[in-house]
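Would you mind keeping the following structure in view while I ask a few things?
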Amino acid sequence: MANRRRRFSWYLIWCTALFFTFGAAFSIFISLPIWRIKEIVVVGQAIVSEQYLKEPAEKLIGENLFLADYSTIKSHLKGIHQLTDFGIFRKLPSTVLIKVIERKPFAVAIVSGVSFVIDEEGYYLKAEGTRLKKTAYDFVRIDDISALPVVRGIKANREYSYRLDPDIALALSGSIKRLSKFLPPASLQIEMKESGEVDLLVDDILRVRFGDMENIAKKISVLEALLPEVAGKWQNVSYIDIRVADDPVIRFKKS
């Protein structure tokens, strides 16, 4: 029994010694100069400034790759609503890799006189003509918005400072997607009136009156069916009235 206790004691001592030895070796290993951060790399970026994305991370240059505090970077990226997701990774031996997934430009929305590029969920990606304090908008570049549909007449909602009202965004995105199946997105201008009714202007020529958004999918299908009847005659059409989907009207201009 005494021998067993002695062997167990030696076993415990050896295990403890090995544990501290390996711990010390590991501590020395991760403290080597080779693990000091030298580079910050961003991938997935297209519209948001790369410099803006990695700005807080650059303060970690020279720190240990394994021991550095990445919480400031995470907080910074979470605050950029132009991103849907991101990840921060250690790339041995000395690189911090930031992967981002950006929202995609979907339309231009005029909200209380301010022009915003929005994604299909209604998030504001870029603002023009604002007096806002310096924000992520100033670090976003969208070179060509001419291919995007335009939505006018939206009133700002204080409850949603970085996006459209989700219900409005959902209705608009669904309508634009349906219309884009048979009309070029760049040709579409949607006008939302204070009365709650909606008009569509195609190529600045053809006006379509949809009325309210009720049964909008059916109304769009009716428009698709009517377009062949006015092909080549848009200049002569005063408007197409689809406020009553089952009783559409094509009103021609008087000669």
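Restricting attention to segment 176-211, which residues are in contact with a strand residue (DSSP E or B) (Cβ under 7 Å, 6 or more places away or on another chain) and within 19 Å of V111 (Cα to Cα)?
Once the filter is applied, which keeps residues that are in contact with a strand residue (DSSP E or B) (Cβ under 7 Å, 6 or more places away or on another chain) and within 19 Å of V111 (Cα to Cα), segment 176-211 yields I176, L188, Q189, I190, E191, M192, K193, E197, V198, D199, L200, L201.
Restricting to segment 128-155, and then to whatever is at pLDDT below 90 and small (G, A, S), can you tell me which residue is nearest to V198 (Cα to Cα)?
Among them, the one singled out is G129.
Which one of these does S71 not meet: (1) free of Cβ contacts under 8 Å to residues at least 40 places away in the same chain; (2) among the polar types (S, T, N, Q); (3) closer than 30 Å to S187 by Cβ; (4) outside the structural domain of S180 (by TED's automatic domain parsing)?
Result: S71 passes all but (3).
Further, regarding this structure: Hey, among A68, A46, A57, which residue is touching a strand residue (DSSP E or B) at 6+ places or on another chain (Cβ under 9 Å), assigned to a helix (DSSP H, G or I) and hydrophobic (A, V, I, L, M, F, W, C)? Walk me through how you get there before you give the answer.
Values: A68 fails: assigned to a helix (DSSP H, G or I); A46 fails: assigned to a helix (DSSP H, G or I).
Being touching a strand residue (DSSP E or B) at 6+ places or on another chain (Cβ under 9 Å), assigned to a helix (DSSP H, G or I) and hydrophobic (A, V, I, L, M, F, W, C) holds for just one of A68, A46, A57, which is A57.
Still on this structure: Looking at I176, I240, I250, can you tell me which residue is of a type in the set (V, I, T), in contact (Cβ under 8 Å) with a residue 12 or more places away in the chain and in a helix (DSSP H, G or I)? Can you show your working first?
On the way: I240 fails: in a helix (DSSP H, G or I); I250 fails: in a helix (DSSP H, G or I).
Result of the check over I176, I240, I250: I176.
With E214, E229 as the choices, which residue is out of contact with any strand residue (DSSP E or B) (no Cβ under 9 Å at 6 or more places or on another chain) and either closer than 24 Å to A156 by Cα or in the same structural domain as D144 (by TED's automatic domain parsing) (or both)? Can you show your working first?
Values: E229 fails: out of contact with any strand residue (DSSP E or B) (no Cβ under 9 Å at 6 or more places or on another chain).
Result of the check over E214, E229: E214.
Residues to consider are I40, I13, I73; find the one that is in contact with a Lys or Arg (Cβ under 7 Å, 6 or more places away or on another chain), at pLDDT 60 or above and either among the β-branched types (V, I, T) or assigned to a helix (DSSP H, G or I) (or both). So that I can check it myself, show each step before the final result.
Numbers: I13 fails: in contact with a Lys or Arg (Cβ under 7 Å, 6 or more places away or on another chain); I73 fails: in contact with a Lys or Arg (Cβ under 7 Å, 6 or more places away or on another chain).
The unique qualifying residue is I40.
Related question: Quick one: what pairs do we get from segment 182-200, first residue among the hydroxyl-bearing types (S, T, Y), second part of a strand (DSSP E or B) and modelled with pLDDT of 95 or more, C-beta under 7 Å, 6+ apart or different chains?
S187/V202
Another question, if that's okay. Examine segment 87-109 for a residue that is among the aromatic types (F, W, Y), at pLDDT 95 or above and surrounded by 10 or more Cβ atoms within 10 Å (Cβ to Cβ), and state whether such a residue exists.
Within segment 87-109, one or more residues are among the aromatic types (F, W, Y), at pLDDT 95 or above and surrounded by 10 or more Cβ atoms within 10 Å (Cβ to Cβ).
I've got another one for you. Any idea which of (1) surrounded by 15 or more Cβ atoms within 10 Å (Cβ to Cβ); (2) in the same structural domain as V42 (by TED's automatic domain parsing) is the one F116 doesn't satisfy?
Looking at each condition in turn, F116 falls short on (2).
Which one of these is at pLDDT 95 or above, farther than 20 Å from R103 by Cβ, in contact with a helix residue (DSSP H, G or I) (Cβ under 7 Å, 6 or more places away or on another chain) and part of a loop (DSSP other than H, G, I, E, B): F182, F210?
The unique qualifying residue is F182.
The values are calculated or read from the model by the stated rules, or taken from the named source; none is laboratory data. No experiment lies behind these values; they were computed from the predicted model shown. Backbone-built Cβ (ideal geometry, glycine too); neighbour counts: all protein chains shown.
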